């Protein structure tokens with residue numbers, strides 16, 4: 001019975017997904033579908049579209065950003081922002097410029113420096129990127145900072161975190177119903193989402209996602225005009241640190257080792273070598289780094 | 001004020017005037033020391049595996065290194081490694097593995113999210129698990145953002161120019177045979 005339903009439903013739903021994709025760009029239609037106000041046909045259509053999106057893994061960008069806000073709030077609940085506006089704004093300019101050199105430059109990108117001596121960086125859906133102060137203080141140039149940001153930006157571009165938390169069926173439901181009416185219901189869903197991210201941030205992404213972020217991040221930093229060897233430089237610094245250091249524990253638990261990552265990146269150096277003369281931008285970086293060390 | 005007090009005062013007021021200590025690196029396998037950072041530059045000498053060098057600076061995929069008090073040259077980035085050699089001369093050959101083993105041994109296992117009196121503020125799995133989502137901080141974060149124009153002029157100030165470069169096609173990583181297959185079954189287990 002179920003398989004018969006699937007056979008009929010798949011082509012039909014494919015069509016509906018197309019319709020919904022078109023309607024997503026057209027305000028009036030969107031309201032019509034969403035509000036159930038367009039008579040029997042449209043109302044039913046709207047419901048089926050929702051199911052189809054669930055089935056095909058489509059989350060609207062709007063919902064993606066809302067989910068990301070919850071995820072970012074989880075991180076900020078674990079560790080505060082560095083209390084230094086100039087440095088925070090500096091990081092946002094670097095990050096926004098990096099993000100502009102990608103296919104999702106239009107997202108509402110936000111970048112935050114976290115007040116922690118731990119060495120780590122995080123991303124959240126919809127355009128959130130965080131770097132710890134501990135990591136930034138290991139860096140020597142804006143190119144290194146940009147390359148780290150670029151790695152995190154890839155997690156957003158490729159929706160790595162969003163897809164990872166949605167693997168739990170309940171989470172899928174929660175996200176697809178973000179826009180529900182009752183406050184009670186909404187609160188429960190947000191809580192489910194935030195607990196999904198608590199789990200994900202302590203467990204980490206698939207290693208394949210991390211390697212993809214390295215590979216694409218290498219290109220993005222190069223596109224932004226930076227010295228393309230920033231990411232390998234950061235990884236070499238991490239490789240040279242005492243692996244037993246507490247400040248590396250979470251990052252090492254959630255990522256392949258720097259040695260493994262460098263090994264993979266080394267295959268790609270011939271792509272970036274023609275851009276080797278691009279700027280490291282050290283003076284500007286050092287100015288802001290000094291503000292952190294004060 | 002006795003001599004000791006003066007000494008303490010002096011010590012606390014004197015900024016660290018020493019030149020920044022050069023970072024120690026060591027040679028992974030027998031490698032060339034070049035006169036300039038180009039692969040067709042003159043080779044000054046061959047450095048044996050495990051030789052120690054001091055890194056002066058980086059230029060693209062090259063490090064300028066000091067091999068003795070009076071001799072310096074350039075090495076390819078991936079022929080060097082940073083960090084302590086930990087006494088064991090052979091450490092370099094197995095340290096990737098060692099590192100992984102250490103990682104398993106030390107993985108912080110969420111036993112303590114407590115910050116100790118050293119003033120070090122960590123961020124471990126426990127901190128994340130215990131997080132109370134902070135929306136106030138999120139609102140504050142939003143005030144730091146810049147728009148696209150702001151980012152462009154910021155980049156222009158450092159003479160950064162956007163480049164066109166396609167993403168690198170994935171080469172099947174030999175290091176990670178265990179990447180999980182993508183989930184094909186969109187219908188998941190919801191039917192059950």
Given the conditions (1) over 30 Å from residue B:160 (Cβ atoms); (2) at the interface with chain B (Cβ under 7 Å from one of its Cβ atoms); (3) touching a helix residue (DSSP H, G or I) at 6+ places or on another chain (Cβ under 9 Å), which single one is not true for residue A:263?
(1)
Mind checking which residues of the stretch A:69-90 are more than 7 Å from chain B (Cβ to nearest Cβ) and surrounded by 24 or more Cβ atoms within 10 Å (Cβ to Cβ)?
A:71, A:75, A:90
Of the criteria (1) assigned to a loop (DSSP other than H, G, I, E, B); (2) within 29 Å of residue A:270 (Cα to Cα); (3) modelled with pLDDT under 90, which one residue B:50 fails:
(3)
Given the criteria under 24 Å from residue B:125 (Cα atoms), surrounded by 24 or more Cβ atoms within 10 Å (Cβ to Cβ) and not assigned by TED's automatic domain parsing to the domain that holds residue A:66, does residue A:197 qualify?
yes
I'd like the residue in the stretch A:123-140 that is crowded, with 24+ Cβ neighbours inside 10 Å and within 11 Å of chain B (Cβ to nearest Cβ) and, out of all such residues, is farthest from the chain's Cα centre (by Cα).
A:135
I'd like to check which helices (runs of 4 or more DSSP H) are fully inside the stretch A:179-252 and have at least 1 residues that are more than 7 Å from every other protein chain (Cβ to nearest Cβ), out of contact with any helix residue (DSSP H, G or I) (no Cβ under 6 Å at 6 or more places or on another chain) and at pLDDT below 95.
A:183-203
Can you name the residue in the stretch A:266-285 that is within 7 Å of another protein chain (Cβ to nearest Cβ) and not in a helix (DSSP H, G or I) and, of all such residues, is surrounded by the fewest Cβ atoms within 10 Å (Cβ to Cβ)?
A:277
The condition from (1) at pLDDT 80 or above; (2) in a loop (DSSP other than H, G, I, E, B); (3) facing chain A (nearest Cβ under 7 Å); (4) surrounded by fewer than 16 Cβ atoms within 10 Å (Cβ to Cβ) that residue B:163 misses is numbered (4)
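The values are calculated or read from the model by the stated rules, or taken from the named source; none is laboratory data. Please read all numbers here as calculations on a predicted model, not as lab measurements. Don't worry about glycine lacking a Cβ; one is built from the backbone with ideal geometry, like all the others, and counts go over all protein chains shown.
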